Amino acid sequence: MPAKYVVTGGAGFIGSALVRTLLDRGRVVVIDNLLTGYQANLEEVCERIEFHRLDVRAAAAIASGAATSATTVASATGPAAAAQPHQGAVLDAFTRPLTARYSFAALEHIWMAAGGSGRTASHAACIAKHESGGNPNAISRTNDWGLWQIHNGGPRMLNPAANAATAVRMSDDGRNWSAWTTARMC
């Protein structure tokens, strides 16, 4: 039975090179949220891979079937990205809390990538900073999820792109921040 590889960040520059290398060894599943990667990097191999546009921090989405514990995992974003992929449970990555927080500029970029206007990006980033501290995995005691703390959002809202798209829609692209109590701070 051929090996199955999961490459996180597989649409990026390094990740796409890793994907092409691993295709000679077995089946390849690519997980990328496309915030910094590009599907065009995978154009020449798109017929030979399985692609999932999602954020690896959305554990529930991955647990639903994109990878299993018997899968070989390769990260194109880890320190040894080009090294030998390691065996292990892909969900191990979700048992450790992420300490990475998005900068103000990154939050503006995420807002605009989700369809938000450049005019409202600065205000939106300010609200996300006040709501979650820029932590994409923030979950409040009152059941608010992700960067913009979407109420009753659930695990899907831990995906920064999905969270931002919901915030864009809920705020009418930044014209109505009434759902966010921190809006007056910005």
Worksheet item: Within the bounds of segment 112-133, is there any residue that is in contact with a strand residue (DSSP E or B) (Cβ under 6 Å, 6 or more places away or on another chain) and outside the structural domain of L34 (by TED's automatic domain parsing)?
Response: no
Worksheet item: Within segment 70-88, is even one residue more than 13 Å from G9 (Cα to Cα), modelled with pLDDT of 50 or more and either in contact with a Leu (Cβ under 8 Å, 6 or more places away or on another chain) or not polar (S, T, N, Q) (or both)?
Response: no
Worksheet item: Taking segment 145-186, which residues are in a helix (DSSP H, G or I), over 15 Å from the mean Cα position of the chain (by Cα) and surrounded by fewer than 18 Cβ atoms within 10 Å (Cβ to Cβ)?
Response: R169, M170, T181, T182, R184, M185
Response to the item:
Here the residues within segment 116-144 that are farther than 11 Å from G174 by Cα and assigned to a loop (DSSP other than H, G, I, E, B) are G133, G134, N135, P136, N137, A138, S140, R141, T142, N143
Practice prompt. Hey, could you check segment 122-153 for residues that are touching a residue at least 40 places away in the same chain (Cβ under 8 Å) and not polar (S, T, N, Q) and say which is farthest from T182 (Cα to Cα)?
Written response: P136
Response to the item:
Among residues of segment 28-57 being closer than 14 Å to F13 by Cβ and in contact with a strand residue (DSSP E or B) (Cβ under 8 Å, 6 or more places away or on another chain), the residue modelled with the highest pLDDT is L42
Discussion item. Could you list, ordered by first residue, the pairs with Cβ atoms under 8 Å in which the first is in segment 156-185 and in the same structural domain as I110 (by TED's automatic domain parsing) and under 20 Å from N33 (Cβ atoms) and the second is of a type in the set (K, R) and assigned to a helix (DSSP H, G or I), at least 6 apart or interchain?
Written reply: A162/R156
Worksheet, complete the sentence: Taking segment 6-40 and the residues there that are of a type outside the set (A, V, I, L, M) and more than 30 Å from H109 (Cα to Cα), the one that is surrounded by the fewest Cβ atoms within 10 Å (Cβ to Cβ) would be D24
Item to complete: From the list G115, G133, G146, pick out the single residue that is at positive phi and in contact with a Pro (Cβ under 7 Å, 6 or more places away or on another chain).
Response: G146
Worksheet item: Quick check, is A60 within 13 Å of the chain's Cα centre (by Cα) and either under 19 Å from N135 (Cα atoms) or at pLDDT 85 or above (or both)?
Response: yes
Discussion item. Just checking, does segment 142-149 include any residue being assigned by TED's automatic domain parsing to the domain that holds N176, within 15 Å of F104 (Cα to Cα), of a type outside the set (K, R) and in contact with a Cys (Cβ under 7 Å, 6 or more places away or on another chain)?
Written reply: no
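The values are calculated or read from the model by the stated rules, or taken from the named source; none is laboratory data. None of these values were measured; they are calculated from a predicted model. Because the Cβ atoms are built from the backbone with ideal geometry, glycine has one as well, and the counts that use them run over all protein chains shown.
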